[in-house]
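Notes follow once the structure below has been shown.
The values are calculated or read from the model by the stated rules, or taken from the named source; none is laboratory data. What you see is a predicted model; the values in this text were computed from it and never measured. Neighbour counts are summed over all protein chains in view; Cβ atoms, including those assigned to glycine, are modelled from backbone coordinates with ideal geometry. For the accessible areas, the whole protein counts, side chains as well, though only heavy atoms, and no ligand, DNA or RNA atoms are used. Shrake-Rupley method; radii C 1.70, N 1.55, O 1.52, S 1.80 Å.
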Amino acid sequence: MQLYFRDNFWNAGLTEILDEQEGKVGHLDLRSAFGSAIDIYGPNDELLYNGKFPFFSGKWEVNGADGEQIGKLRSRLTFFSKKYTYETIGRGSYEIISPAFSKEYEIIDDSENVVAQFKQVNGWLSSGAFLLDNQCEFLDSYELVAVIIGMHAIQKAANNAGN
């Protein structure tokens with residue numbers, strides 16, 4: 001399944017999730033301009049997932065609609081690539097890897113199989129826009145939207161800390 005979605009420049013408001021035919025299949029609610037928290041809704045406007053940074057944490061938490069944590073994303077220190085680890089509750093651990101200056105990412109399972117790919121498709125001055133291609137049977141595409149927005153939030157926080 002391929003999905004297109006984007007962050008907002010001000011980190012607040014609603015943005016659509018689109019399929020490959022540009023049909024609306026859900027939306028993101030970027031809840032606050034002052035923090036990084038999101039809700040992800042499916043095609044029937046039902047809440048599916050939410051993501052946030054817990055208080056004083058650099059790790060992004062992904063929760064189900066019921067509020068139960070289903071995974072945690074963290075950045076890993078590397079010199080020549082960008083690496084993240086997404087640890088799920090009971091479904092394994094996944095690595096998100098990209099070469100240092102690339103905007104293309106692979107999600108790799110414990111057996112080192114590529115289970116999903118995504119790329120940043122935005123321009124230089126626009127907010128983060130992404131194309132997700134998910135082939136994984138254990139990770140829902142909407143869950144991966146929460147993970148990717150979390151990764152983007154971690155990157156923005158690191159860039160802001162460096163300025």
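Values as computed for the structure displayed
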item: Qualifying chymotrypsin sites (Phe, Trp or Tyr not before Pro) for the stretch 60-95 [loop in DSSP, other Cβ within 10 Å: at most 10]; result: 79, 80
item: FRET efficiency for residue 76 and residue 29, using Cβ-Cβ distance with R0 set to 25 Å, rounded to 0.05; result: 0.30
item: Gyration tensor (alpha-carbon) shape descriptor, the chain, a/c threshold 1.5; result: rounded
item: GNM result for the chain, Cα springs below 10 Å: residue of 50, 134, 122 fluctuating most strongly; result: 122
item: Rounded Å value of the spacing that divides the Cα centres of the stretch 104-118 and the stretch 45-79; result: 19
item: Residue (of 159, 89, 129) at the positive-pole extreme of the chain, dipole from beta-carbon charges; result: 159
item: Given charges at beta-carbon only (K, R positive; D, E negative), |dipole| of the chain in Debye; result: 920
item: Table column - 3J(HN,Hα) (Hz), the stretch 67-76, Karplus curve with 6.51, -1.76, 1.60, x for Gly and Pro; result: x, 6, 5, 10, x, 9, 10, 9, 7, 10
item: Percent accessible area from carbon and sulfur atoms, the chain, protein chains only, probe 1.4 Å; result: 53
item: Accessible area of the chain divided out per residue, in Å², using a probe of 1.4 angstrom; result: 55
item: The chain: most fluctuating residue of 77, 144, 30 per GNM, C-alpha cutoff 10 Å; result: 77
item: Amide H within-cut-off set for residue 121, under 5 Å, with H built and near neighbours excluded; result: 129, 130, 131
item: Lysine pairs within the chain, Cα separation less than 19 Å, 8 or more sequence positions apart or different chains; result: 18
item: DSSP-assigned coil residues among GluC sites (Glu not before Pro) in the stretch 91-141, each with at most 11 further Cβ atoms within 10 Å; result: 112, 137
item: Within a Gaussian network of the chain (alpha carbon springs, distance under 10 Å), most fluctuating of 31, 74, 91; result: 91
